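Read through the structure below, which is laid out as structure tokens, and then see the notes.
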Amino acid sequence: MPETQPPRIRIARPADEQDLARLDRDTWSTLHAVTPRPQPPYRPFFDERHLPEDFLVAELDGCVAGYIRIVPPTPLASNAHVQQIQGLAVTESARGRGVGRALIRAAVEEARRRGARRLTLRVLGHNTPARKLYESEGFVVEGVLPEEFCLDGTYVDDVVMGRRL
């Protein structure tokens, strides 16, 4: 069995729009999404709040296999030392191949490159696979917002996690 190559991680480009939009739609689930399922006509993936430079893209065999979005959590100067993960998606075919882990590690390095001292995120309480992955990469639970979202008639906690850089 041939050894699998690690994913190549890079900053997103405007030309990634269609691939990332399709990935976002294909991976939509109440396991991690608090917004309704996307319906046509689809909104653009990139817009004034979601710029290509906010995203790191993972490629496997030359194809987009995942992304992670890293942005400042607020526009405040007093909060400029923090970066936040606001989105992580991996194609079904790439799961179990280290893509999510590689994206998280790349996000940590990118946040450091941007001068951040902390990296934070929010994850739904019932998303056990994501929580375990984040914990294995040094994130700790810093707070829980009980029953913050109602998804398909079920109340779900919003878990705030973070780590020092």
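The values are calculated or read from the model by the stated rules, or taken from the named source; none is laboratory data. Nothing here was measured: the structure is a model prediction, and the numbers come from that model. Cβ atoms come from the backbone with ideal geometry, glycine included; neighbour counts cover every protein chain shown. Ligands, DNA and RNA are excluded from the accessible area calculation, which covers all protein heavy atoms including side chains. Shrake-Rupley method; radii C 1.70, N 1.55, O 1.52, S 1.80 Å.
Got at least one residue in the range 53-63 being outside any strand (DSSP E or B), over 26 Å from L151 (Cα atoms) and touching a Lys or Arg at 6+ places or on another chain (Cβ under 7 Å)? Checking the range 53-63: at least one residue is outside any strand (DSSP E or B), over 26 Å from L151 (Cα atoms) and touching a Lys or Arg at 6+ places or on another chain (Cβ under 7 Å).
Suppose we keep only residues that are in contact (Cβ under 8 Å) with a residue 40 or more places away in the chain and closer than 22 Å to V140 by Cβ within the range 57-81. Which one would you say is most open to solvent (accessible area, probe 1.4 Å)? The qualifying residue most open to solvent (accessible area, probe 1.4 Å) is P73. For residues in the range 1-37 being outside any helix (DSSP H, G or I) and among the hydrophobic types (A, V, I, L, M, F, W, C), which is nearest to P129 (Cα to Cα)? Among residues in the range 1-37 that are outside any helix (DSSP H, G or I) and among the hydrophobic types (A, V, I, L, M, F, W, C), the one nearest to P129 (Cα to Cα) is L31.
Scanning the range 38-45 turns up one or more residues that are farther than 24 Å from R97 by Cβ and of a type in the set (D, E, K, R). Inspection of the range 90-113 identifies no residue that is without any contact (Cβ under 8 Å) to a residue 60 or more places away in the chain, closer than 16 Å to A33 by Cβ, in contact with a Phe, Trp or Tyr (Cβ under 9 Å, 6 or more places away or on another chain) and assigned to a strand (DSSP E or B). Scanning the range 122-133 for residues that are within 22 Å of A80 (Cα to Cα) and either touching a helix residue (DSSP H, G or I) at 6+ places or on another chain (Cβ under 7 Å) or part of a helix (DSSP H, G or I) (or both) yields a single hit, V123. Among the residues of the range 114-165, which ones are of a type in the set (V, I, T) and open to solvent by 50 Å² or more (accessible area, probe 1.4 Å)? Those that are of a type in the set (V, I, T) and open to solvent by 50 Å² or more (accessible area, probe 1.4 Å): T128, V140, V141, V144, T154.
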